[in-house]
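Report on the structure given below.
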Amino acid sequence: MKRHLLSAADLSRADAELILSTAAELRELADRPIKKLPALRGRTVVNLFFEDSTRTRISFEAAAKRLSADVINFAAKGSSLSKGESLKDTALTLEAMGADAVVVRHGASGAPHRLAHSGWVRSSVVNGGDGTHEHPTQALLDAFTMSRHLGQGQARSLDGRRIVIVGDVLHSRVARSNALLLHTLGAEVTLVAPPTLLPVGVGTWPVEVSYDLDAALPKADAVMMLRVQRERMHGGFFPTAREYSRRYGLDGKRMATLQDHTIVMHPGPMVRGMEITADVADSDRSVIVEQVTNGVAVRMAVLYLLLGGSTPAVGGEE
Amino acid sequence: MSEYLIKNVAVLGGTPTDLLLRDGVIADPADAPADAEVIDASGLIALPGLVDLHTHLREPGREDAETVETGTRAAALGGFTAVHAMANTEPVADTAGVVEQVWRLGREAGYCDVYPVGAVTVGLDGERLAELGAMADSAARVRVFSDDGRCVSDAVLMRRALEYVKAFDGVVAQHAQEPRLTVDAQMNEGELSGRLGLAGWPAVAEEAIIARDVLLAQHVGSRLHVCHVSTSGSVELIRWAKGKGVDVTAEACPHHLLLTDELAATYDPIYKVNPPLRSAADVAALQEGLADGTIDIVATDHAPHPHEDKDCEWAAAAFGMLGLETALSIVQQTMVDPGRLDWAGVAERMSYAPARIGRVSDRHGRPVQVGEPANVVLYDPGARRTIEPSESASLSRNTPYRGMELPGRVVATFLRGKATVLDGKLA
C-alpha cells in the first residue's frame, strides 16, 4: 500500500497528474469566502519541523486546516545533531499522540525516509524538505504553477516544455525534486549553475546541464531561480557575490531575452540582488507569489489523497 | 592445562592429519598422552591464529560500546589470537600509561593477545608527535602507531613520524583521508551521493594522501602501512609504489570486500563507515589486489557503537561497523569460494603478514607445525550461518550483515594451547 511521500521519484506520472488535478479542484476553494472542506475531520496532521521554515510550515498548516484536520505543530528545535531529543524519541512521542500523517522538515538528508521505514511510527510521512535531498511538495506546487501557465490541452500537460533551473543545484532539495518530477511529467529540464554548484554524477540525471545562463534563457518556457546562500561564498564555490550575480543572476537585461510567455519562478526565500533583481522578482512574468497560493492547494491534495480515500493514491510503496 | 589431540584436521585445507597441542606449543601427535582431550576435526581446516592489525576495543572511555574483555571475546569467536587495539580511546592511547593499561587489560581478559597501537600525535590532534619512544619501550612494546579515525594530514609531521619510528622498528599506519576534501562527508561521492543529498567522500581524498605518503616513505626510507584501503585508485597507487620498491603494506576490510555504496540508499546508518562503502568496481579492485598481494592483509576495523548512535538519521550516526566475528566468513565468501585465494593465502593475509607488520611474529602468525606456538583456529568451511546481531559477543550490535547467510564457522580457537573457543562457543 502506498502510504508516504518521501521523494518525487515515488510518484508515477499518473500519481502526479492525480495530485495536480485534485489540487486544481481544491485551488478553487481559495477564491471562496469559506475555504474549508470536511474531508479530513477527525484526522490529525503533525507538522514536525526540525528546521525553521515558517513558509512551508504555515502552508502545510493552512492545507490541513482547510481540510478540517486537527493540526499539531511540533517545532523540535534541537535535532539529535545538536544533542537534543533524538528523531526516534520525537517520533515515538508523535506516535503516542495518534498522528495520522507527519509532515517532517529536517536538516539531515533521509530523515523522513528513516521515520517512514524504521518502524518508529505507523502514520503516513510527508517529506517537507530534508537536508540537501528532496522537497517533493515544492516540486508539485512548482509543476502545478507551470501547468496553469504553460500547460497544453485538457490535461494542461507539460510535455515538451522547457524548464531552466538556475543556481545552487548542489545544495538544493528543490532542484532534485523538480528534476525528477518534471521529467516524469514530460518536461525538458536544463540545470544551469557554475560547475562548483553541480553535484558529482549530475550527468546521469534526466536533465541537460549548462554553465551558460545566457544560452539557456531564450528557449525557456519557465525559469526557476534557486536561492544562493551567501555562506557558500566562504566555501569557495564562487569568488564573490557580485561575480555570481553577473554570471548567474537574473536581471532585467537577461529577462528581456525571454520569450513573451515565459514565466519566472523562485521557491523562496529570495535573496534580492543576488540571484534575482527586484525588478525581475516584481515583474509581470513573476509567479512567485502565486506559487505560495498554489502551495496550499497542492499540499491539500497530497494530504487528502494520502489520508482521505480508502485507498490512498499517491506516495511510494511501503 | 588440557592437552588437545586434534584428529583428521586439514591444515590450510591440505591432507587431513593430527595435531597435538601441549604446553602451549604444537607437538608430535605420536606423543599424545592417553588422557588428552580428543577433538574429531573431520571436515575442518586448521589455520594459524588470526591476527587483526585494526581493532577498536573502545576501552578506556567508551565502555558502553565495548571493553577489552568483550572485544577480545568477539575476537576469539572470530578465530583471532591477537588484535591490535587502535589508539582513539578516551583518553587517547598517546602515552606509555594508557598503552600499558590496555595491554594489561588484554592479559587479564585472556581471550587473545592485545597489542596496543600508539597514537602518532598527542590527542590525535595532528599537531605534535606523541612520545612514541616511551610507548615503544613500555611493557606494551608498541610497534604500530596510528591516529586512525583521523589522518596525519600535515606532510611534515607525517615525514617526521615515518623517520622517527625507524629507531625502534615501528610503522606508521595511516588513515588516508584528506580532511579538507571530506568536511562533513557522509558516503562515497558519486552519482548516488548526489541523488541522496548526502555529502560526498571522494576517492581522491584517500588516494591523494596515499600518493603523498608512499613518496614520503620512499624519500626517507621508512616503513608505511595504509589502513582500510577502499578504492581502486588506491590499489593502483600501492601497486605502483611496491613496483618502485617502497616499503609499504596495506590492508582491506571485510566490509569493503563485500558491500557497496548502494546500501546507503536505505539511509540506514548501519551501513555508515569510514572510509565509506564504495562502488562495485572498487570492491572488485580490492578483491583483485588482495589476491595478487598488492593488498597485504585483511584487517577488520571492528568499530563497535552503542545502539543509539546508529538508531538515528544518517548524518547524526557514528561511522563504523562490527567485524571480528564475521571477518573469516566474509573472506571465504569473497575470496576463497570464488577461487581468488586458497587457505594458505588466507593464512598469509590474516595471520602471517599482519603479525610481521605488527612485529609480533615471534609469537603470532607462525605456521601450524610441530614446535610452533599453539595458536590455532579450527574452521568449518562447509557450515552456513545466518548472522543474528544479538548473538554477538561484542557489547554492540552494529553489524551490517544482520540477516545475511554467510559461509563458514569458527569451531575452536586456541591461544598458546588453551582453548578460548570450543564447539563454536567461548570456552
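At a glance:
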read-out: Selection count where residues are in a helix (DSSP H, G or I), of a type outside the set (A, V, I, L, M, F, W, C) and open to solvent by less than 10 Å² (accessible area, probe 1.4 Å), scope the range A:103-146; value: 5
read-out: 3 or more residues aliphatic (A, V, I, L, M) and within 14 Å of chain A (Cβ to nearest Cβ): qualifying helices (runs of 4 or more DSSP H) within the range B:190-246; value: B:203-220
read-out: Count of residues meeting criterion [open to solvent by 70 Å² or more (accessible area, probe 1.4 Å), of a type in the set (A, V, I, L, M) and either free of Cβ contacts under 8 Å to residues at least 12 places away in the same chain or part of a loop (DSSP other than H, G, I, E, B) (or both)] in the range B:141-175; value: 1
read-out: Residue, nearest to A:T137 (Cα to Cα), within the range A:238-267, restricted to residues that are of a type in the set (G, A, S) and crowded, with 18+ Cβ neighbours inside 10 Å; value: A:G249
read-out: Candidate set from the range B:100-133 (those that are among the small types (G, A, S) and either open to solvent by 40 Å² or more (accessible area, probe 1.4 Å) or part of a loop (DSSP other than H, G, I, E, B) (or both)); member that is farthest from B:V183 (Cα to Cα); value: B:G110
read-out: Every residue from the range B:306-324 that is away from chain A (no Cβ under 14 Å) and either free of Cβ contacts under 8 Å to residues at least 40 places away in the same chain or more than 23 Å from B:Y352 (Cα to Cα) (or both); value: B:F319, B:G320, B:M321
read-out: Long-range neighbours under 6 Å by Cβ, at least six apart or interchain, first residue without any contact (Cβ under 8 Å) to a residue 12 or more places away in the chain within the range A:187-216, second assigned to a loop (DSSP other than H, G, I, E, B); value: A:V200/B:E189; A:G201/B:G190
read-out: Matching option when the condition is farther than 27 Å from A:E290 by Cβ, modelled with pLDDT of 85 or more and not β-branched (V, I, T), among A:A76, A:A62, A:A91; value: A:A91
read-out: Residue tally, condition at positive phi and either in a helix (DSSP H, G or I) or open to solvent by 20 Å² or more (accessible area, probe 1.4 Å) (or both), over the range B:319-374; value: 3
read-out: Lone unmet requirement of (1) among the aliphatic types (A, V, I, L, M); (2) open to solvent by 50 Å² or more (accessible area, probe 1.4 Å); (3) in contact with a helix residue (DSSP H, G or I) (Cβ under 6 Å, 6 or more places away or on another chain) for A:L18; value: (3)
read-out: Those strands (runs of 3 or more DSSP E) lying entirely in the range B:29-96 with at least 2 residues within 30 Å of B:D125 (Cβ to Cβ); value: B:50-55, B:80-85
read-out: Residues of the range A:181-199 classified as assigned to a loop (DSSP other than H, G, I, E, B) and either charged (D, E, K, R) or under 16 Å from the mean Cα position of the chain (by Cα) (or both), total; value: 1
read-out: Residues of the range B:1-21 that turn out to be open to solvent by 70 Å² or more (accessible area, probe 1.4 Å) and either modelled with pLDDT of 95 or more or among the polar types (S, T, N, Q) (or both), as a count; value: 4
read-out: Among (1) crowded, with 19+ Cβ neighbours inside 10 Å; (2) in a helix (DSSP H, G or I) - the single one A:L170 does not satisfy; value: (2)
read-out: Test set (1) outside any helix (DSSP H, G or I); (2) polar (S, T, N, Q); (3) under 15 Å from the mean Cα position of the chain (by Cα) - A:N47 fails condition number; value: (3)
read-out: Where B:E262 falls short, out of the listed (1) more than 30 Å from A:D89 (Cβ to Cβ); (2) in a helix (DSSP H, G or I); value: (1)
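Conditions (1) more than 17 Å from A:I163 (Cα to Cα); (2) open to solvent by 10 Å² or more (accessible area, probe 1.4 Å); (3) within 14 Å of chain B (Cβ to nearest Cβ), marked per residue:
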{"residue": "A:G186", "(1), (2), (3)": "no, yes, no"}
{"residue": "A:L197", "(1), (2), (3)": "yes, no, yes"}
{"residue": "A:W205", "(1), (2), (3)": "no, yes, yes"}
{"residue": "A:Y211", "(1), (2), (3)": "no, yes, no"}
{"residue": "A:V223", "(1), (2), (3)": "no, no, no"}
{"residue": "A:R232", "(1), (2), (3)": "yes, yes, yes"}
{"residue": "A:G236", "(1), (2), (3)": "yes, yes, yes"}
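The values are calculated or read from the model by the stated rules, or taken from the named source; none is laboratory data. These numbers come from a predicted model, not from an experiment. Methodologically, a virtual Cβ is constructed for each residue, glycine included, from the backbone with ideal geometry; neighbour enumeration extends over all protein chains shown. Just so you know, the surface numbers come from the protein's heavy atoms only, side chains and all, with ligands and any DNA or RNA stripped out. Shrake-Rupley method; radii C 1.70, N 1.55, O 1.52, S 1.80 Å.
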